[in-house]
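Okay, so here's the structure we're looking at.
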């Protein structure tokens with residue numbers, strides 16, 4: 001029994017060590033693990049601005065392209081598996097439907113979203129995920145735009161936004177042709193969203209293992 005208890009104790013210690021070592025953190029250096037003193041701690045504000053136009057492809061209804069978009073949030077832990085955070089603001093502005101400016105900007109829906117960040121196989125890179133809070137609504141935005149004979153009055157959402165993240169100065173996050181769910185009075189038969197953001201704060205930013 002004593003030998004068995006010792007084996008269990010060693011195994012538990014190894015598992016705990018592996019779990020801790022694999023936790024994700026944000027770092028200002030491309031290193032795994034993130035060196036002591038180089039980590040961005042809990043409460044770090046993350047600000048992103050579009051690097052390229054946000055593009056919503058809507059099949060026969062054409063394309064919606066937005067010239068300005070921002071996403072903002074903050075981490076709620078020093079590290080984790082995944083590292084958690086809260087998205088507090090999402091905006092889309094100066095949007096054109098088939099090249100003509102919409103009178104109204106799209107509105108983000110349920111913008112208090114959960115952020116989950118996970119390190120990847122390449123040092124400094126990983127994934128940045130957005131999803132709803134328990135009892136909330138899926139991440140998305142509502143469009144109410146009429147240009148000529150084309151009318152779009154629809155909410156576009158996705159259960160989980162998965163943004164591929166390349167660490168750097170600045171870090172770049174992208175999601176290409178993500179299939180969106182649709183609900184509303186005038187929705188296209190299908191819709192695919194492409195976004196590309198650069199992190200404007202903090203800089204530089206890398207996704208790493210915790211120290």
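The values are calculated or read from the model by the stated rules, or taken from the named source; none is laboratory data. In this text, all values refer to a predicted model and were calculated from it rather than measured experimentally. Neighbour counts are summed over all protein chains in view; Cβ atoms, including those assigned to glycine, are modelled from backbone coordinates with ideal geometry.
Tabulated results
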item: Options 194, 155, 164; residue that is part of a strand (DSSP E or B), under 20 Å from the mean Cα position of the chain (by Cα), surrounded by fewer than 18 Cβ atoms within 10 Å (Cβ to Cβ) and free of Cβ contacts under 8 Å to residues at least 60 places away in the same chain; result: 164
item: Scan of the range 107-152 for residues that are within 18 Å of residue 186 (Cα to Cα) and modelled with pLDDT under 95, ordered by number; result: 107, 108, 109, 146, 147, 148, 149, 150, 151
item: Some residue of the range 32-53 being within 29 Å of the chain's Cα centre (by Cα), surrounded by 10 or more Cβ atoms within 10 Å (Cβ to Cβ), at positive phi and at pLDDT 90 or above; result: yes
item: Complete set of residues in the range 167-188 that are surrounded by fewer than 15 Cβ atoms within 10 Å (Cβ to Cβ) and over 22 Å from residue 104 (Cα atoms); result: 169, 176, 177, 179
item: Number of the exception - residue 199 against (1) assigned to a strand (DSSP E or B); (2) surrounded by fewer than 23 Cβ atoms within 10 Å (Cβ to Cβ); result: (2)
item: Verdict on residue 70 being touching a strand residue (DSSP E or B) at 6+ places or on another chain (Cβ under 6 Å) and modelled with pLDDT of 95 or more; result: yes
item: Residues of the range 175-191 satisfying the condition of being assigned to a strand (DSSP E or B) and touching a residue at least 24 places away in the same chain (Cβ under 8 Å); result: 177, 181, 182, 183, 184, 185, 186
